[in-house]
Amino acid sequence: MDRNVIVEKLRDIFVRILEHEEFDIKDELSAADVNGWDSLSHMLIVGEVEDTFSIKFKFRELNKMKNLGDMIEIINSKVDL
């Protein structure tokens with residue numbers, strides 16, 4: 001899947017769950033950078049990402065996600081199977 005398509009879908013998910021657009025989508029983006037991105041919203045984001053891309057994250061993959069770039073890389077590896 002094209003990286004830009006993944007990024008746009010993620011942006012839509014983040015805006016919908018966090019209810020604001022006060023962040024720049026970039027690989028280095030993490031929860032510490034975004035107002036309202038806490039543990040609860042993170043789980044909502046993960047669930048929505050799984051539904052949107054028809055994938056399931058493994059526990060070790062979730063532990064590897066330190067920023068948005070990591071999430072994009074894992075999504076891309078799963079949707080291109």
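Just checking, how many residues over region 1-55 are over 14 Å from M65 (Cα atoms) and hydroxyl-bearing (S, T, Y)? Of the residues in that region, 3 qualify.
Considering region 29-59, and only residues there that are under 12 Å from the mean Cα position of the chain (by Cα) and of a type in the set (D, E), the residue that is nearest to I75 (Cα to Cα) turns out to be E50.
When F14, F23 are screened for being buried (at least 16 other Cβ atoms within 10 Å of the Cβ) and not in a helix (DSSP H, G or I), only F23 passes. Here is the figure for region 50-69: residues that are without any contact (Cβ under 8 Å) to a residue 40 or more places away in the chain, in a helix (DSSP H, G or I) and either polar (S, T, N, Q) or surrounded by 15 or more Cβ atoms within 10 Å (Cβ to Cβ) (or both) total 2. Residues that are at pLDDT 95 or above, of a type in the set (A, V, I, L, M) and either more than 22 Å from S77 (Cα to Cα) or touching a Phe, Trp or Tyr at 6+ places or on another chain (Cβ under 9 Å) (or both) within region 1-28 comprise I6, V15, I17, L18, listed in sequence order.
Based on this model, can you work out whether E28 counts as touching a Gly at 6+ places or on another chain (Cβ under 8 Å) and in contact (Cβ under 8 Å) with a residue 40 or more places away in the chain? Against the criterion (touching a Gly at 6+ places or on another chain (Cβ under 8 Å) and in contact (Cβ under 8 Å) with a residue 40 or more places away in the chain), E28 qualifies.
Return yes when F53 is touching a helix residue (DSSP H, G or I) at 6+ places or on another chain (Cβ under 8 Å) and of a type in the set (F, W, Y) and no when it is not. Against the criterion (touching a helix residue (DSSP H, G or I) at 6+ places or on another chain (Cβ under 8 Å) and of a type in the set (F, W, Y)), F53 qualifies.
The values are calculated or read from the model by the stated rules, or taken from the named source; none is laboratory data. The structure displayed is predicted, hence computed values, not measured ones. Reconstructed Cβ throughout: ideal geometry from the backbone, glycine too, with neighbour counts over all protein chains shown.
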